[in-house]
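Scroll down for the structure; my scribbles are underneath it.
The values are calculated or read from the model by the stated rules, or taken from the named source; none is laboratory data. Values in this document were obtained by computation on a predicted structure and should not be read as measured data. When we count neighbours, we look across all protein chains shown, and the Cβ atoms used for this are built from the backbone with ideal geometry, even at glycine. SASA here: full protein model, heavy atoms, side chains in, ligands and nucleic acids out. Shrake-Rupley method; radii C 1.70, N 1.55, O 1.52, S 1.80 Å.
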Amino acid sequence: MKVTYYPGCSLEGTAVDYAASIAGIAPLLDVELVELFDWNCCGASSAHSFNHRLALDLPARNLALAEKAGRRDVVAPCALCFNRLKTAEKALQGPEGDKLDVHYRGEIKIWDLLDYLTQDAFLKTLAAKVTAPLLNLQAVCYYGCLVARPPEITGKVDYENPQNMERLLEVLGATPLDWSFKTDCCGAGLAIAKPDIIDTLGQRLYEQALAAGAECFVVSCQMCQANLDLAQERISRKFGQDYYLPVFYFTELIGLAVGHPQAPQWLARHLVDPMPLLKMKGLA
């Protein structure tokens, strides 16, 4: 199946591991990702805080390009990009649409990558390809906030308690644990401007994950992955703890479960080394 792929800026920089894992597992599901030609930054995470018009013009241009390119569904792996594209779509279809300098008919569907790849047909295809099930891996699914909220923009029905990542982990053989913080905020783009906020929010997530019995996080947002992975050593020092909670992209776990040969290379880019955990579980 061919879809228009909007990677966003960070997948060409700080989240190249996520990009590589997406490229690695998409063909296994017969998904052809056609990168949107001449795409531009969506404006996340700062444009909407200082220029409302720019914050709409940037993603609106991408939507117009995508519709013109073939009217295929648009898939965005970044929660921030997804949120900005959906915000622009809402504006284009409302009173503000006449003020924006793009022509958009609304004939395409915008997907968050996790939602797209956890449709029933893909899960069924994936189940038949699992050769190395992730048995006994105890994980909490962490969705973050921007892919789900606000629901009037994202269109999510299960915005308080999404379940598609849990269904995926069950297909992969892992054990998804129930917890109440799956859609809490990690601080998103405040890592540089307000690291103290990142530390407070991150430490709470670590504590709640451990209380649930988790050995790791599974995420679908590169900002969530970065804040939980990059800051873990700093937060451990600050709070006098020794946290060890690897932070996996869901696409990396798919790669591990199907025995993708490049999966170790993706994981090697993480600051919190997941290999001790995987070796302890007999998964590496």
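Numbers for the structure displayed
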item	result
Selection count, region 28-52, where residues are of a type in the set (Val, Ile, Thr) and touching a Phe, Trp or Tyr at 6+ places or on another chain (Cβ under 7 Å)	1
Qualifying position, being closer than 14 Å to CYS185 by Cβ and out of contact with any Asp or Glu (no Cβ under 7 Å at 6 or more places or on another chain), among GLN208, GLN232, GLN222, GLN241	GLN208
Filter result (among the aliphatic types (A, V, I, L, M) and in a loop (DSSP other than H, G, I, E, B)) within region 90-127	LEU100, VAL102, ILE108
In region 1-29, residue farthest from TYR116 (Cα to Cα) [restricted to those that are without any contact (Cβ under 8 Å) to a residue 12 or more places away in the chain and of a type in the set (Gly, Ala, Ser)]	GLY13
Selection within region 216-254 - open to solvent by less than 40 Å² (accessible area, probe 1.4 Å), closer than 24 Å to LYS279 by Cβ and either assigned to a loop (DSSP other than H, G, I, E, B) or at pLDDT below 95 (or both)	TYR243, LEU245, PRO246
Qualifying position, being outside any loop (DSSP other than H, G, I, E, B), more than 27 Å from LEU33 (Cβ to Cβ), open to solvent by 10 Å² or more (accessible area, probe 1.4 Å) and aliphatic (A, V, I, L, M), among LEU205, LEU201	LEU201
Sole residue being out of contact with any strand residue (DSSP E or B) (no Cβ under 6 Å at 6 or more places or on another chain), touching a residue at least 12 places away in the same chain (Cβ under 8 Å) and among the hydroxyl-bearing types (Ser, Thr, Tyr), chosen from TYR104, TYR142	TYR104
Matching residues in region 255-270 - criterion: being open to solvent by less than 20 Å² (accessible area, probe 1.4 Å) and assigned to a helix (DSSP H, G or I)	GLY255, ALA257, ALA263, TRP266, LEU267
Extreme residue, farthest from the chain's Cα centre (by Cα), among residues of region 172-215 that are modelled with pLDDT of 95 or more and at positive phi	GLY213
Residues satisfying the stated conditions in region 27-56, i.e. assigned to a helix (DSSP H, G or I) and surrounded by fewer than 20 Cβ atoms within 10 Å (Cβ to Cβ)	PRO27, LEU28, LEU29, ALA47, HIS48, SER49, PHE50, HIS52, ARG53, LEU54
